[in-house]
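The numbers here are math on the coordinates, done by the rules we state, and not lab data. This structure is a prediction, so every number in the text was calculated from the model and none was measured. Every residue, glycine among them, receives a Cβ derived from its backbone with ideal geometry; neighbour counts consider all protein chains shown.
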Amino acid sequence: MVAQRTVALILEELGVRCHVVKKRSGYEGSEEVTRQAAEIFRDLEMEEVVPVAQPVLQLIKCAGLIRKAGFAIPSFWRLVWMIGWIGFDKRSVQPWTRDPFRLVWYTARQILFGYKPPSELSG
């Protein structure tokens, strides 16, 4: 399992061991997490991976990045079934994880304008 630092901390508290994505300069979005995870997965000779992300918008993005990196993933609906609901955190430092409206707004800005948040908001 590979996770960003904030998620890895929670997983480790729950007793789940995982590789923690190394902090890089600038904002490290899904692209950087996927890049680092792909290196690990290739070293382990993995062919299929299961991304865990907020269904629907984030999961679509992550699935595309993982496919582009050369890995197979289960179908979208199978992923949604496997992952279940991932809620929002009103206290998160990342505004787009606080509620559905902010996630849609963040996604639209990324797609339309190439928006990248400030690096201090990296997970």
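Which order do Glu28, Glu47 fall in if you start with the one that has the fewest other Cβ atoms within 10 Å? Could the numbers behind the result be given before it?
Details: Glu28 21, Glu47 10.
So the ranking, lowest neighbour count to highest, is Glu47, Glu28.
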Under DSSP H, which helices of the chain have Cα atoms covering 18 Å or more of the helix axis and a Kyte-Doolittle average no less than -0.5? 100-113
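Taking the radius of gyration and the Kirkwood hydrodynamic radius from Cα positions alone, what is the Rg/Rh ratio for the chain, to two decimal places?
Numbers: Rg = 14.3 Å, Rh = 15.3 Å.
Taking Rg over the Kirkwood Rh, I get 0.93.
Just need the relative contact order of the chain here, percent rounded to a whole number, with Cα pairs under 8 Å and 6+ apart. Provide the component values of the computation, followed by the final result.
Values: 123 pairs, mean separation 30.8, N = 123.
It comes to 25 percent, rounded to a whole number.
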